[in-house]
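Remarks on the structure that follows.
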Amino acid sequence: MESLKFHNTTNQNAEFVLAESRNCKSQEQIIYQIFKEFGRMTASEVLAKYPKPILLTSVRRSLSNLKFSQQLIKLDETNIGMYKKPEHYYQIANNQLILF
């Protein structure tokens, strides 16, 4: 089962939801590529490496969706994030790693 890419909490029309779902999928692809390049990271660390302005909540949504689709795993280890609160580290799931 695939998770929702865009969570329609404001009851938008179907056309808007479709457009936003495409945008979210693109964000998830970019974030997954960031993990492939840099490895284990928190949401704040991903945000710092994201190529254009994006909300931290959007990064966290993408991390949740990537975890739900088993592309990322959430680690028990935490680090203090940009708002001085603990954030969990994530990394690419072992079954997603490609060995050379």
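The values are calculated or read from the model by the stated rules, or taken from the named source; none is laboratory data. Everything numeric here is computed off the predicted structure, so don't read it as measured data. In this analysis, Cβ positions are derived from the backbone assuming ideal geometry, glycine residues included, and neighbour counts consider all displayed protein chains.
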### Message
For the range 36-48, which positions are in contact with a Phe, Trp or Tyr (Cβ under 7 Å, 6 or more places away or on another chain) and crowded, with 16+ Cβ neighbours inside 10 Å?
### Response
M41, T42
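Kindly indicate which of T57, T78 is surrounded by fewer than 16 Cβ atoms within 10 Å (Cβ to Cβ) and touching a His at 6+ places or on another chain (Cβ under 6 Å).
Details: T57 fails: touching a His at 6+ places or on another chain (Cβ under 6 Å).
One residue alone meets the criteria, T78.
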### Summary
How many residues of the range 59-96 are in a strand (DSSP E or B) and either in contact with a Lys or Arg (Cβ under 6 Å, 6 or more places away or on another chain) or touching a residue at least 24 places away in the same chain (Cβ under 8 Å) (or both)? The answer is 11
### Message
Of the residues F16, F35, only one is part of a helix (DSSP H, G or I), of a type in the set (F, W, Y) and at pLDDT 95 or above; which?
### Response
F35
